[in-house]
Amino acid sequence: MSEQDSSTTTMAPRRETPPRRLRRGNAYRARRRRERAPIGAGERRELMRNALIESRLTPNAISLTGLALNLLAAALVWEQLFFLGGIAFIVGSIMDTLDGRYSRMSGKGTPFGAFLDSTLDRIEEGVVLTAVAGYFALQGDRIAAAAVVVAVLASLMVSYTRARAEALGVECKVGIATRPVRVVILSIGLVFARGYASLGDFQLLAPAVYVLAALSLVTVAQRIAHVRRELTAPV
């Protein structure tokens with residue numbers, strides 16, 4: 001064997017320098033910490049979003065669930081179980097807001113779904129207010145019952161003015177008593193329809209109806225004025 005071959009075979013392998021091993025160890029520990037760390041809120045939302053999109057859940061199913069909850073709320077109000085009716089109305093109204101967002105998020109929305117959503121929103125609001133009007137009629141409170149009728153007509157006109165304006169090419173989302181505001185007002189009235197001794201024995205159903213009727217009428221006037229300005233403005 002030559003001197004060159006002998007030196008080649010007897011040469012010991014080069015040792016890894018400590019700094020390099022240290023860097024590898026730090027990288028490994030950092031990777032393990034990331035693997036063990038709990039996922040953040042953003043990642044949880046993303047996982048939930050993907051799970052919902054991949055599921056068989058449809059926006060129409062959410063809309064119909066909201067309708068069922070509002071029908072339950074109307075039945076509970078008719079039985080004068082106002083607190084439970086208010087809770088059902090709140091949850092059903094939340095479902096009504098979720099169906100549109102889910103439709104846009106998942107891409108499962110259809111033109112018929114949008115039409116169904118708007119139609120059911122009007123039915124749900126009307127059926128709960130009808131039960132409230134029936135309660136006031138049974139109590140002999142004619143003024144409150146009449147205010148409920150005004151609130152129903154005005155809330156329908158709030159929606160109609162927007163739909164008609166958008167058909168004319170005018171965006172019309174102005175006004176104080178939009179649907180979320182009306183839902184909040186009626187929810188407060190239902191939840192506190194019965195007085196509580198610890199809170200001064202006050203009842204808010206009738207005042208909520210008066211406020212709802214008044215603000216809805218104001219909103220109709222605001223939208224009419226807005227559309228008039230938009231259509232008569234010089235080009």
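Every number in this text was worked out from the coordinates using simple rules, so none of it is lab data. Given the structure is predicted, the values throughout are model-derived calculations rather than measurements. When we count neighbours, we look across all protein chains shown, and the Cβ atoms used for this are built from the backbone with ideal geometry, even at glycine.
The table below gives the values:
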read-out	value
Mean separation of Cα contacts under 8 Å, 6 or more apart, over the residue count of segment 60-232: relative contact order %	24 percent
Contour excess over end-to-end distance, with Cα ends at LEU98 and LEU168 and 0.36 nm allotted per residue	22.4 nm
Note, ³J(HN,Hα) from phi for segment 64-81, Karplus 6.51, -1.76, 1.60, rounded to Hz, x at Gly and Pro	5, 5, x, 4, 4, 5, 6, 5, 5, 4, 5, 5, 5, 5, 4, 7, 6, 9
Estimated Rh, segment 60-232: Kirkwood, alpha-carbon pairs, angstrom	16.7 Å
Hypothetical label at TRP78: residues of segment 119-140 whose amide nitrogen lies under 20 Å (7 Å Cα-Cβ projection)	120-140
Extended-chain gain in nm, criterion 0.36 nm per residue less alpha-carbon gap, ALA214 and VAL184	9.3 nm
Using a Förster distance of 41 Å, the FRET efficiency for ALA68-THR232 (Cβ separation, nearest 0.05)	0.40
Stretch gain in nm, segment LEU57-ARG122, where the contour uses 0.36 nm per residue and the Cα spacing is subtracted	21.1 nm
